[in-house]
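Visitor: Below is one structure. I have some questions about it.
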Amino acid sequence: MRWTPGGMSRNVEDRRGSAVRRGAGIGLGGLLLLFLLTLVTGRDFMSLANLGGGQVAVQPRRGPGASSPEEDQLAQFGSFVLDDAQATWKQVLPGQYRESKVVLFRDLVQSACGMAQSATGPFYCPADERVYIDLGFYDELKRRFGAPGDFAQAYVLAHEIGHHVQKVLGIEAQVRQLQQSRPGLANQLSVRMELQADCFAGVWGHSTAQRQILDRGDVEEGLNAAAAIGDDRIQKMQKGFVRPDSFTHGSSAQRVEWFKRGLQTGDVNACDTFQ
């Protein structure tokens with residue numbers, strides 16, 4: 001992508017220089033929060049119960065916590081993507097869109113949705129309307145999932161901003177209520193939420209193409225990233241077999257299809273995955 005390094009968005013909270021110290025158990029209320037977050041996002045937040053995240057202290061990190069120039073450039077690129085995506089959504093949803101924030105962290109982070117670790121991957125917390133990301137995920141995206149490139153990184157962040165759009169439009173609240181009332185549909189609804197966020201990411205991608213800030217091969221990088229993190233591909237890598245009934249984000253083919261739909265149309269109305 002064509003962008004100019006330098007500077008950080010006012011909507012980026014850089015917590016990479018802080019260390020989270022874990023305390024006592026999270027208690028029943030914390031367990032319930034993790035369960036609800038798992039239903040809403042489709043990510044396995046229940047595994048965080050073992051972290052003992054009820055009481056935490058954020059302390060300044062000294063010594064080896066300093067970032068590298070490469071990591072700082074990743075942070076600046078994420079800042080650019082955040083501001084560009086949010087400027088696009090202000091135009092798409094005039095008078096309705098409100099800004100989200102991105103929190104950069106290392107290892108562990110405390111959010112309004114509970115404590116999360118890097119292994120959780122990037123996630124959006126609807127309770128505080130923030131996106132959380134450990135920049136080390138991008139290295140994993142490249143090395144483990146075979147999805148390098150700056151537009152692959154941009155797709156990941158734009159997807160999480162897509163979840164914020166769902167919160168702004170009231171879609172997230174409706175889906176959460178339906179998941180609670182019909183738990184047997186929880187996974188199916190989670191897949192539809194994730195695919196819509198992919199499509200919303202594509203709506204922003206369409207805008208970047210219209211403004212001619214994409215380089216040759218950028219679209220292919222984004223589509224490759226969408227395919228790389230499909231449920232079927234991840235399950236095959238982790239377990240050696242695929243269970244479609246357990247999908248929470250959609251197959252590689254589905255993720256590519258909906259991201260491509262947003263890229264081609266640039267139309268929010270084309271992103272109705274709930275029909």
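Visitor: If we count every other residue with Cβ under 11 angstrom of W258's Cβ, Lys/Arg +1 and Asp/Glu -1, where does the sum land?
Guide: In short, 0.
Visitor: Order the following by accessible area, largest value first: R192, R16. Probe radius 1.4 Å; ligands, DNA and RNA are ignored.
Guide: R192, R16
Visitor: How large is ³J(HN,Hα) for each residue in the range 188-199, as worked out from phi by the Karplus curve 6.51 cos²θ - 1.76 cosθ + 1.60 (θ = phi - 60°), to whole Hz, x for Gly and Pro?
Guide: Calculated HN-Hα couplings, in order: 4, 5, 4, 4, 5, 4, 5, 5, 5, 4, 4, 5 Hz.
Visitor: Along Cα→Cβ, 7 Å out, is where each label goes; now give me the distance between the ones at A127 and T265 in nm to one decimal.
Guide: Taking the simple label geometry, A127 and T265 are separated by 3.4 nm.
Visitor: Once label points are set 7 Å from the Cα along Cα→Cβ at both R211 and A112, what is their separation, rounded to one decimal in nm?
Guide: Spacing of the two 7 Å Cα→Cβ label points: 2.7 nm.
Visitor: Classify the range 171-227: rounded, prolate or oblate, from the alpha-carbon gyration tensor (a ≥ b ≥ c, eigenvalue square roots; a/c under 1.5 rounded; otherwise prolate if a/b is larger than b/c)? Write out the running numbers ahead of the final one.
Guide: Working: a/c = 7.32, a/b = 2.59, b/c = 2.82.
It comes out oblate by the Cα gyration axes.
Visitor: OK, next. Which of rounded, prolate, oblate describes the range 111-164, given a ≥ b ≥ c as roots of the alpha-carbon gyration tensor eigenvalues and a/c under 1.5 marking rounded, otherwise prolate only if a/b is larger than b/c?
Guide: It is oblate, given that a/c is not under 1.5 and a/b is not larger than b/c.
Visitor: Using the Cα gyration tensor of the range 144-275, with a ≥ b ≥ c the square roots of its eigenvalues, what is the shape: rounded (a/c below 1.5), prolate (a/b larger than b/c) or oblate (neither)?
Guide: Judged from the Cα gyration tensor, the range 144-275 comes out oblate (a/c at least 1.5, b/c at or above a/b).
Visitor: Work out how much length R98 to D272 would gain on full extension: take 0.36 nm times their residue separation and subtract the Cα-Cα distance, in nm to one decimal. It would help to have the intermediate numbers written out before the result.
Guide: Values: separation 174, 0.36 × 174 = 62.64 nm, distance 2.10 nm.
Here the segment from R98 to D272 would lengthen by 60.5 nm.
The values are calculated or read from the model by the stated rules, or taken from the named source; none is laboratory data. From a predicted model like this one, the values you see are computed outputs, not experimental measurements. A quick note on method: Cβ atoms are made from the backbone with ideal geometry, for glycine too, and the neighbour counts reach across all protein chains shown. Just so you know, the surface numbers come from the protein's heavy atoms only, side chains and all, with ligands and any DNA or RNA stripped out. Shrake-Rupley method; radii C 1.70, N 1.55, O 1.52, S 1.80 Å.
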